[in-house]
């Protein structure tokens, strides 16, 4: 009987060594930490105007371009085609060279419409472009 007891005791002592599994887990953790630090997010730099209590005078009034939720572009309250935005911005800029361009874009409008207006402004040599988001109708 002593032989049977020894066999049973030796089988009970069999354990799984978890050290290699912990090594693999730590190596994977280090890998994910290192690769996550190399991921860089890109964003569009947007100039948001500060809140001013004084209304702008006609001398420093800004050029206002509005974009509604359907990505329709409005200048001076009139709907404008995307192809004519550059010429209208250039005309407004010629009337008032110090005026910045303010793009008032609806929160549900696409970023493509803002980029189209900003590109048209750069082609018209207007570099002071600000984005003002809003949620209401035009």
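The values are calculated or read from the model by the stated rules, or taken from the named source; none is laboratory data. Predicted model, so just to flag it, every value in this text is computed and none were measured. Note that we place each Cβ from the backbone using ideal geometry, even for glycine, and neighbour counts take in every protein chain shown.
Checking the structure you have, find out if any residue of the range 34-43 is within 27 Å of residue 133 (Cβ to Cβ), at pLDDT 70 or above and surrounded by 10 or more Cβ atoms within 10 Å (Cβ to Cβ). So far as the range 34-43 goes, no, none of its residues is within 27 Å of residue 133 (Cβ to Cβ), at pLDDT 70 or above and surrounded by 10 or more Cβ atoms within 10 Å (Cβ to Cβ).
Quick grid of which residues meet (1) under 15 Å from residue 75 (Cα atoms); (2) in a loop (DSSP other than H, G, I, E, B):
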site	(1), (2)
93	yes, no
102	yes, no
105	yes, no
109	no, yes
115	no, no
126	no, yes
131	yes, no
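Based on what the data block shows, is residue 86 within 30 Å of residue 111 (Cα to Cα), in the same structural domain as residue 130 (by TED's automatic domain parsing), surrounded by 10 or more Cβ atoms within 10 Å (Cβ to Cβ) and modelled with pLDDT of 90 or more? Yes. Screening residue 52 on (1) at pLDDT 85 or above; (2) assigned to a loop (DSSP other than H, G, I, E, B) shows it passes everything except condition (1).
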